[in-house]
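Derivation of every value follows stated rules applied to the coordinates shown; laboratory data play no part. Every value quoted in this text rests on a predicted model; they were computed, and no experiment measured them. All Cβ positions, even for glycine, are placed from backbone atoms using ideal geometry, and neighbour counts span all protein chains on display.
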Ligand SMILES: *Cc1c(COP(=O)(O)O)cnc(C)c1O
């Protein structure tokens, strides 16, 4: 199948999930998760109309960013971010999905300050209690956001989560629901708006949309299996 028909089919599935749950397809953004995907392939999807991509690895990001800099791509960073690599991505990504600790917040505040920008971020939440994954546990998010309020160069506009992997999409639903409920309770406790919910991957994005996702991060269903 051509890249454009693959993309078209995914957009149809997104539309249907929106319709089922009484949402407008405009509320949900499709992000192409590009880890291991070569620049040439990204370019093909770009010409089919997909303009938003997210990378996990700083080194891969820097290469693809350079390869594709003539295109009007919006880049996000979605992987674990080491503080000493912040400098390579700042000013190049519009959203970092994986803000998950104080030391990273401090580095972002310092570096974004030097560039005179405000870096938008999502706080990553670890809902499954998995030690191998990044993310704050839900109880840590409120005090963390209070720290973020003291920053002038970092803004948080939502939450991100990666539920424990399952081939059965319905198994992710309780986690997505939890993330949405956490968002709602933080909004009312702090009197702020956290509009973005980055949740849902190839195996469970339709369920995520039904539960309120505003960004779905898709790799395999768009670009094929990674080896
Ligand atoms: C790899 C990755 C994805 C995409 O995963 P697929 O299951 O291939 O769709 C989404 N989000 C993050 C953070 C990833 O690392």
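The distance between label points at residue 13 and residue 70 comes to 3.3 nm (points 7 Å beyond Cα on the Cα→Cβ vector). Distance from the C-alpha centroid of the stretch 171-227 to that of the stretch 66-130: 18 Å, rounded to the whole angstrom.
Packing-based ranking of 183-191, 127-135 yields 127-135, 183-191, ordered from highest to lowest mean Cβ neighbour count within 10 Å.
Across every pair of non-identical alpha carbons in the stretch 31-91, the mean reciprocal distance, once inverted, gives a Kirkwood radius of 11.7 Å.
Residue-normalised convex hull volume from the C-alpha trace of the stretch 168-227: 82 Å³ per residue. Compactness check for the stretch 94-227: Cα Rg over 2.2 N^0.38 Å is 1.07. What is the distance, in nm, between label points placed 7 Å from the Cα along the Cα-to-Cβ direction at residue 147 and at residue 2? Spacing of the two 7 Å Cα→Cβ label points: 5.0 nm.
Listed by Cβ neighbour count within 10 Å, with the fewest neighbours leading, 111, 226, 9 appear as 226, 9, 111. Summed over qualifying helices (DSSP H, 4 residues or more, each -39500 (n - 2.57)) and divided by its residue number, the chain shows a 222 nm mean residue ellipticity of -12500 deg cm²/dmol. When Rg and the Kirkwood Rh are both derived from Cα coordinates, the Rg/Rh ratio for the stretch 140-206 amounts to 1.04. When the Cα atoms of the stretch 1-123 are enclosed in a convex hull and the volume is divided per residue, what value in Å³ results? It comes to 118 Å³ per residue, whole-number rounded.
Rg of the Cα atoms in the chain, relative to 2.2 N^0.38 Å, amounts to 0.98. Arranged by the count of other C-beta atoms within 10 angstrom, fewest first, what order do 160, 201, 1 take? Starting with the residue having the fewest Cβ neighbours, the order is 1, 201, 160.
The ranking of 21, 195, 98 from fewest to most other beta carbons within 10 Å of each one's beta carbon is 195, 21, 98.
Using C-alpha pairs under 8 Å with a sequence gap of at least 6, the mean separation divided by the residue count of the stretch 1-136 gives a relative contact order of 16 percent. Measuring nothing but alpha carbons in the stretch 61-121 and taking Rh as the Kirkwood radius, the Rg to Rh ratio lands at 0.95.
Dividing the mean sequence gap of close Cα pairs (under 8 Å, 6+ apart) by how many residues the chain holds gives a relative contact order of 20 percent.
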